[in-house]
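To keep things clear, I will list the structure first and then write my remarks on it.
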Amino acid sequence: MKVPALEPVARGVWLWRGGLLKTMNVYFLEDEGGVTVFDAGEKGMAAGILAAAERMGGLKRVVLGHGDTDHRGSAPALSAHAPVLCHADAVREASGSGGRSYWDMSKLPRSVRAVHGISHRFIWDGGPVEIAGTVAEGDEIAGFEVVLFDGHAPGMIGLWRAEDRVALVSDTVYVTTMWGRPTAAHVPHPAYNLDQAQARRSAAKLAALDADVVAVGHLGPLRGPGVRAELEAAAAAG
């Protein structure tokens, strides 16, 4: 497997933009001679993740931001090489339906519903993953603090490093349309949210961190002095 090209995001943090549209973000965190992977993208990315991790000292663990199909995708394959962790409230979906238990796809436009239905089943999802352990808000992972950003999904977490104000936030906000095109930050579509009001509160919680870098689950990252205002607008509009 060819080692994928990784993009530096911050000190000790690299991004692989995978998937057909290069919108499935997987983050590699320098971690005591190896790497921790945050989020697992879609199932076809497993070999590339392993190849990149091997070049960086080896895969130590995989931490899922949440259990949706396009974030647990390669985790079942990776679990044969390293433990997969998530928040306790995310275990049920990560090891079960991958978010399908609460999605309301009828809220999506018909064209999007058709494409996503195929993608979730055949392209993105690697299936249920065995979770080796859990993390909680306030825990330390590779120099980052675990922060709970639930609402879009149960037990959704991000990783926050205060010293240089870097946040890895999974799907707390999207900066992409349903078709993978860049757009302003916004709370995920209600069709995919467990609790829309809580998703808005989590976006506001993220804004309050006043991060310099917000590395999201798809496209991005957001950078610079306008990030807080953009996140506050997303929380208010969501």
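A short reminder: the numbers here are calculations on the coordinates, not readings from a lab. Note that the coordinates shown come from a computational prediction; the quantities given were computed from them, not determined experimentally. Because the Cβ atoms are built from the backbone with ideal geometry, glycine has one as well, and the counts that use them run over all protein chains shown.
If you go through the stretch 69-84 and keep only what is out of contact with any strand residue (DSSP E or B) (no Cβ under 7 Å at 6 or more places or on another chain) and under 13 Å from Ile123 (Cα atoms), you end up with Thr69, Arg72, Gly73, Ser74.
Within the stretch 217-233, the residues that satisfy the criterion of being touching a helix residue (DSSP H, G or I) at 6+ places or on another chain (Cβ under 7 Å) and over 23 Å from Thr69 (Cβ atoms) are Leu222, Arg228, Leu231, Glu232.
Evaluated against (1) over 15 Å from the mean Cα position of the chain (by Cα); (2) of a type outside the set (S, T, N, Q); (3) farther than 26 Å from Gln196 by Cβ, Val166 falls short on exactly one condition, (1). One residue stands out in the stretch 89-141 among those that are small (Gly, Ala, Ser) and crowded, with 21+ Cβ neighbours inside 10 Å: the one that is farthest from Arg161 (Cα to Cα), namely Gly126.
Does Gly73 count as surrounded by fewer than 24 Cβ atoms within 10 Å (Cβ to Cβ), out of contact with any Leu (no Cβ under 8 Å at 6 or more places or on another chain) and closer than 26 Å to Phe149 by Cα? When the stated conditions are applied, Gly73 does not pass them. Checking every residue in the stretch 42-56 against the condition of being under 23 Å from Pro154 (Cβ atoms), surrounded by 15 or more Cβ atoms within 10 Å (Cβ to Cβ) and in contact with a strand residue (DSSP E or B) (Cβ under 7 Å, 6 or more places away or on another chain) gives at least one match. Condition (residue is under 21 Å from Gly224 (Cβ atoms), of a type in the set (Val, Ile, Thr) and either out of contact with any helix residue (DSSP H, G or I) (no Cβ under 9 Å at 6 or more places or on another chain) or part of a loop (DSSP other than H, G, I, E, B) (or both)) applied to the stretch 123-141: is it met by at least one residue? No, because not a single residue in the stretch 123-141 is under 21 Å from Gly224 (Cβ atoms), of a type in the set (Val, Ile, Thr) and either out of contact with any helix residue (DSSP H, G or I) (no Cβ under 9 Å at 6 or more places or on another chain) or part of a loop (DSSP other than H, G, I, E, B) (or both). Quick check: anything in the stretch 196-216 within 20 Å of Thr69 (Cβ to Cβ), in contact with a Pro (Cβ under 7 Å, 6 or more places away or on another chain), assigned to a loop (DSSP other than H, G, I, E, B) and of a type outside the set (D, E, K, R)? No, the stretch 196-216 has no match at all. Ala94 fulfils the conditions (1) of a type in the set (Gly, Ala, Ser); (2) within 22 Å of Glu140 (Cβ to Cβ); (3) more than 16 Å from the chain's Cα centre (by Cα) except for a single criterion, (3). Arg121 meets the conditions (1) closer than 30 Å to Lys60 by Cα; (2) in contact (Cβ under 8 Å) with a residue 60 or more places away in the chain in every case but one. The failed one is (2). Looking across Arg228, Arg165, Arg200, Arg181, one residue alone is surrounded by fewer than 16 Cβ atoms within 10 Å (Cβ to Cβ), of a type in the set (D, E, K, R) and more than 22 Å from Met24 (Cα to Cα). It is Arg165.
A residue that is surrounded by 17 or more Cβ atoms within 10 Å (Cβ to Cβ), in contact with a helix residue (DSSP H, G or I) (Cβ under 9 Å, 6 or more places away or on another chain), in a loop (DSSP other than H, G, I, E, B) and among the aromatic types (Phe, Trp, Tyr) can be found somewhere in the stretch 144-162. Residue-level check: of (1) surrounded by fewer than 17 Cβ atoms within 10 Å (Cβ to Cβ); (2) touching a strand residue (DSSP E or B) at 6+ places or on another chain (Cβ under 7 Å); (3) of a type in the set (A, V, I, L, M, F, W, C), Ala208 misses just (2). Scanning the stretch 3-41 for residues that are aliphatic (A, V, I, L, M), in contact (Cβ under 8 Å) with a residue 40 or more places away in the chain and surrounded by fewer than 17 Cβ atoms within 10 Å (Cβ to Cβ) gives Val3, Leu20, Leu21.
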